[in-house]
Amino acid sequence: MSIKVDALISRQFLAANLDEIREMREESRKQDAKSHIVWRNVALFFALHVGAAIGLYQIFFDAKWATVAWVFILHMLGSVGITAGAHRLWAHRSYKATLPMRIFLMCLNNIALQNDIIEWARDHRCHHKWTDTDADPHSTHRGCSSRTWDGCW
Ligand SMILES: [Zn+2]
C-alpha cells in the first residue's frame, strides 16, 4: 500500500522529501539572504490593480449587463483553464486528456493570464516539492504575501 502511495505522490509531483526540506531550511538559515524589490513586478502589479479598480467602477456605474456577464464567463473559463489544465493536467498529471481537450484547456489557461503552462507547472511542482523553502517560488517566508504578490520580493 505504501509503495503505491509513494509512486502516486512521485508521479503527480507531490513529492515532499521531508529530510531534503529540513536540510534546505537549515542551509537557508545559515545564509544571510537579503530580499529586494523587483520594480518591474511592482509596476506591473500597480497597473493591474489600477485596471481592476477601473473595471470595478465600470461594473457598478458604466458597463452594460452583457459586459458584466461576459467578464463573469471569462473569469469562470480562466479558472477552469488553471485548475483543470495547468494545475491538474500539466503540473500533476492527475489525468490524461485527448489532444482537442488539451488544446481547449490551453486556450482557457490563456484567458487567466497566469504565465505560460510550462512556467506555471514548473513553479507549482517546485512549490509542492520544496514548500516554504528558498526553492519554493510561492514561499510564505518571502514577505509581501507572495501568494498574491508572487515574485514581488
Ligand atoms: Zn498542486
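The values are calculated or read from the model by the stated rules, or taken from the named source; none is laboratory data. Predicted model, so just to flag it, every value in this text is computed and none were measured. Here Cβ is always computed from backbone atoms with ideal geometry, including for glycine, and neighbour counts include all displayed protein chains.
Quick grid of which residues meet (1) more than 30 Å from residue 43 (Cα to Cα); (2) modelled with pLDDT under 95; (3) over 10 Å from the mean Cα position of the chain (by Cα):
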residue: 82; (1), (2), (3): no, no, no
residue: 104; (1), (2), (3): yes, no, yes
residue: 107; (1), (2), (3): no, no, yes
residue: 132; (1), (2), (3): no, yes, yes
residue: 135; (1), (2), (3): no, yes, yes
residue: 147; (1), (2), (3): no, yes, no
residue: 151; (1), (2), (3): no, yes, yes
Give me the residue from the stretch 70-98 that is surrounded by 12 or more Cβ atoms within 10 Å (Cβ to Cβ) and of a type in the set (D, E, K, R) and, out of that set, nearest to the ligand (Cβ to nearest atom). 88
In the stretch 33-42, is there at least one residue being modelled with pLDDT under 70 and either of a type in the set (A, V, I, L, M) or farther than 27 Å from residue 86 by Cβ (or both)? yes
